[in-house]
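The values are calculated or read from the model by the stated rules, or taken from the named source; none is laboratory data. Just so you know, these numbers come straight off a predicted model, no measurement behind them. Here the Cβ positions follow ideal geometry from the backbone for every residue, glycine too, while neighbour counts run over all protein chains shown. Surface accessibility is based on the protein's heavy atoms, side chains included, excluding ligands, DNA and RNA. Shrake-Rupley method; radii C 1.70, N 1.55, O 1.52, S 1.80 Å.
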Amino acid sequence: MSQAKVFKPMGTIEADTPSASVRKRRGLTSEDAWGFFFILPQVIGLVVFVIVPVVFSLYLCFANWDFVKPPEVVGLSNIQSVLADEDFYTAIRNTFVIVLTIVPLTVIISLGLALLTNRNIRGLALFKAGFFLPMVTTSVAIAAVWYWLFAPDFGLINAFLSMFGIQGPGWLADPAWAKAAIVIMISWQSMGYFYILFLAGLKHIPQEYYDAASIDGAERISLFRYVTLPMLSPTLFFVLTTMLIGSFTTFDVAYVLTRGGPVNSTYTIVMYIYDLAFRYFKMGSAAVASWVLFIILFVITLVQFQFSKLWVNYDQQ
C-alpha cells in the first residue's frame, strides 16, 4: 500500500538546512568577502577624504594651527575672532546678493531655452552641445576670456556699446557693476547644464495633459501655469537645490576676475575662508567660517525640503 505524501507548510526549514546560528559560526563566505573587497576602496575614500577632514575641521574650530606648529587648543577664541571680523559679514552679504541674483536669472534663462527648443527642429543636437559647452570648459579659462570682455578700457562689450554712442560701465573696476559681471558670467556658464535638465523634464510630461487642457479651452499661459510648472516641479526643485549650493560656494570665477574687489564688493565667503587658511595661515578661523557656511547651507536646504511638500508634484501618472 503506497504511503501518502506529506506536504510541508511553506516556510518550514528542512532538517539538513543549516540554521542561521550555524551559518554565523561558519564565518564569512567567499561571496561576502568579495563584496567587502569591492566596496573597500569607497569606504577608504569616504573615511580619508570625508569623515577624517570633517572631524579634524571641527577640532580646528577650537585650536590654532599654521601648518608648521602642532595644533594648540585655544577654546572659543577662533569663533570670537570670526564673529568680530567685519570682512566676515561683508563676505556673507556679498554671497547672499550674488546667490539671490544668479539663481532666478539662471532658472529663467535655462527654462526659457528649454521651452523654446522643446520641439522637433533641425539641429537640436547642435543647440544642446552649444549650450552645454561652457559647463565642461575650465572656469579659469572662461574667466580669463570674460575678463577681456569686461575690461573697461579695451573690452569688447564697451567697444560694442561705443559704436552706438553709449559709454559702457566700469564693470570689474566699478563696485556697482562688479557683482553684475560675476553674475552674468556664472549664469552664462551654468545655464547649459540646467537647460539640459529642464529639457529632459519637459520631454517627460505626457502630451495627453496638454491635449486635455487645450480641449477645455486653456491657452499657452494657462498651459504653462497649470500643466508645465506642476509637472516640472520635481526638476525645478532639484535645479534650485543644486544651484543654491553651487552659488554659495562661488570662488574661482570671482577670484580670477576681481580677487574680491573692488573695495570687497565681490568678496565671497569661500574667498574669505581661502584667505584665512592659505594667506594668513589661520586654519582654526578658516574652519569656523567653513562650519558657518555649512550651517547656512544645511538650514536653507532643510527649509527647501520642508516647503517642497507644498508645491512639488511627484505624481507623474
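State all residues of the range 10-65 that are modelled with pLDDT under 55, in a helix (DSSP H, G or I) and open to solvent by less than 80 Å² (accessible area, probe 1.4 Å); if no residue qualifies, say none.
Correct list: Ala20, Ser21, Val22.
Here are the criteria: (1) of a type in the set (Phe, Trp, Tyr); (2) assigned to a helix (DSSP H, G or I); (3) open to solvent by 50 Å² or more (accessible area, probe 1.4 Å). Tell me which single one Trp146 does not satisfy.
Condition not satisfied by Trp146: (3).
Suppose we keep only residues that are polar (S, T, N, Q) and in contact (Cβ under 8 Å) with a residue 60 or more places away in the chain within the range 179-227. Which one would you say is farthest from Leu244 (Cα to Cα)?
Among them, the one singled out is Gln189.
Failed condition for Met283, given (1) open to solvent by less than 20 Å² (accessible area, probe 1.4 Å); (2) farther than 24 Å from Thr138 by Cβ, with all others met?
(1)
Yes/no matrix, rows are residues, columns are (1) open to solvent by less than 10 Å² (accessible area, probe 1.4 Å); (2) touching a strand residue (DSSP E or B) at 6+ places or on another chain (Cβ under 9 Å); (3) not in a loop (DSSP other than H, G, I, E, B):
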position	(1), (2), (3)
Val253	yes, no, yes
Gly260	yes, no, no
Leu293	no, no, yes
Val299	no, no, yes
Phe307	no, no, yes
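Mind listing just one residue for me: the one in the range 163-191 that is β-branched (Val, Ile, Thr) and part of a helix (DSSP H, G or I) and, of those, most open to solvent (accessible area, probe 1.4 Å)?
Ile184
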